[in-house]
Amino acid sequence: MPVPSVLCLSGLDPTGGAGLQADIEACFANGVHAFGLVTALTVQDTTNVMMVDAVPRRLLQQQLDRLLADCSPTAVKIGLIGAQDQVSMLAELLGFLKVPVVCDPVLRAGGGRNLLTSATTQEFLVSLIPKITVLTPNAAEVHRLAPGSNDDVTAASALLQRGCQHVLVTRGDETSDDVVNTWYQTSGAELSWRWKRMPGKFHGAGCTLAAAIAARLAHGETVRSAIQVAQQYTQATLQTPLSLGNGRPIPQRRVMDAP
Ligand code: PLP
């Protein structure tokens, strides 16, 4: 049996709050190894992203080929996609890697900067969504991915119709008293969790949640259990966040009471 492990494909955030470092820390805290591939280098601080520079596709392809000829990840996590030409490479990868795939659609930084062009988003919707097990958009992202939908249910259904198996719409980016996250499935069933909102806004909470879901799936947990436990874990990381700079604090992922 392969060792439970997650192949993480994400951007590199030098603050360590979001992106690949968030993935690696969340995987580690949830008891699995992370393989790390950088899709893009970024210039950013805890307030916003200033620049994104994609890693060339041919380099990423070589890294993947070498790694996968040798190692067998048991789940995949996709975060920031660096450039449009990475989408078809990722779709090809997910065509032959028969493991659960969690994708956090990183469309815009919390500070406001757009991180995915509309052409890349379009290709993502057509080629990648059908290969995703769990998609974790926040409320703003689910509506950007399914424009014209009046509510979350319609937007999530539109994404399920495009072929992903589960959509978890998170509401951490809003301002309601509680954070209510809702899981939508192709069967039409839905389930919501209500969490006490931690004061303030965070940098990297979405990456933390998605990577923790991938880690739980890498262990062989059901999607329902993975989503439930990963939310508990993420909630714990936000209880004593780290204020590193002048912007948003980041989750403290090394929580000792992690489930
Ligand atoms: N930078 C990278 C590399 C990311 O992956 C993300 C989000 O996933 C961000 C920045 C933005 O994170 P946030 O919206 O939490 O500030």
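Each reported figure results from applying straightforward, stated rules to the coordinates on display, with no laboratory input. Since we're looking at a predicted model, the values are computed, not measured. Cβ placement follows ideal geometry from the backbone for every residue including glycine, while neighbour counts extend to all protein chains displayed.
Along the axis of the charge dipole computed for region 167-259 (Cβ charges of +1 for Lys and Arg, -1 for Asp and Glu, origin at the Cα centre), the listed residues Ser225, Gln252, Gln185 are led at the positive end by Gln252. Annotation: lysines with alpha-carbon distance below 26 angstrom to Lys201 (same-chain offsets under eight excluded): Lys77. At q = 0.23 Å⁻¹, what base-10 log of I(q)/I(0) does the Debye formula yield for region 199-259 when every alpha carbon is treated as an equal point scatterer in vacuo? At q = 0.23 Å⁻¹ the computed log10 ratios are -0.86.
About the centre of its Cα atoms, region 90-221 shows a dipole size close to 220 debye [charges on the beta carbon of Lys, Arg (+1) and Asp, Glu (-1) only; nearest 20 debye]. Let me make sure I get this right: for region 89-153, a, b and c are the square roots of the gyration tensor eigenvalues over alpha carbons, sorted descending. Under 1.5 in a/c it's rounded, otherwise prolate if a/b > b/c, else oblate. Which is it? It is prolate, given that a/c is not under 1.5 and a/b is the larger ratio. Computed over neighbours whose Cβ is under 15 Å from that of Ala155, the net charge equals -3, Lys and Arg +1, Asp and Glu -1.
Direction-averaged projected area, Cα convex hull, region 143-230: 6.2 nm², rounded to one decimal. For region 16-82, what class follows from the C-alpha gyration tensor (a ≥ b ≥ c being the square roots of its eigenvalues): rounded when a/c is under 1.5, otherwise prolate if a/b is larger than b/c, else oblate? Here region 16-82 falls in the oblate category.
Legend: translational diffusion of the chain by Stokes-Einstein, Rh = Kirkwood radius over C-alpha pairs, 20 °C, 1.002 mPa s; D = 119 µm²/s. In terms of surrounding Cβ atoms within a 10 Å radius of their Cβ, Thr240, Thr74 rank from fewest to most as Thr240, Thr74.
On the basis of the beta-carbon distance and an R0 of 22 Å, Thr175 and Lys196 show a calculated FRET efficiency of 0.95. If the segment from Asn246 to Asp151 were pulled out straight at 0.36 nm per residue, it would be longer than the present Cα-Cα gap by 30.8 nm. Think of the chain as a dipole: +1 on every Lys or Arg Cβ, -1 on every Asp or Glu Cβ, centred on the Cα centre; then among Ala211, Val32, Thr121, Val32 lies furthest on the positive end. Summing charges over all other residues whose Cβ lies under 12 Å from the Cβ of Arg171, with Lys and Arg as +1 and Asp and Glu as -1, gives -4. For region 1-134, rounded, prolate or oblate, judged on the Cα gyration tensor with a ≥ b ≥ c (square roots of eigenvalues), a/c < 1.5 rounded, else prolate if a/b > b/c? Cα axes put region 1-134 in the oblate bin. Within straight-line reach of Lys196, meaning a Cα separation under 14 Å, sit the following aspartates and glutamates at least 8 residues removed in sequence or on another chain: Asp173, Glu174, Asp177, Asp178.
Panel order for Arg194, Arg171, Arg253, by other beta carbons found within 10 Å of each beta carbon, from fewest to most: Arg194, Arg171, Arg253. Fewest-first ordering of Lys131, Lys196 by other beta carbons within 10 Å of each residue's beta carbon gives Lys196, Lys131. The stretch between Cys71 and Ala119, if pulled fully straight at 0.36 nm per residue, gains 14.0 nm over its current Cα-Cα span.
Dipole size of the chain about its Cα centre, with +1 on Lys/Arg Cβ and -1 on Asp/Glu Cβ: approximately 120 debye, rounded to the nearest 20.
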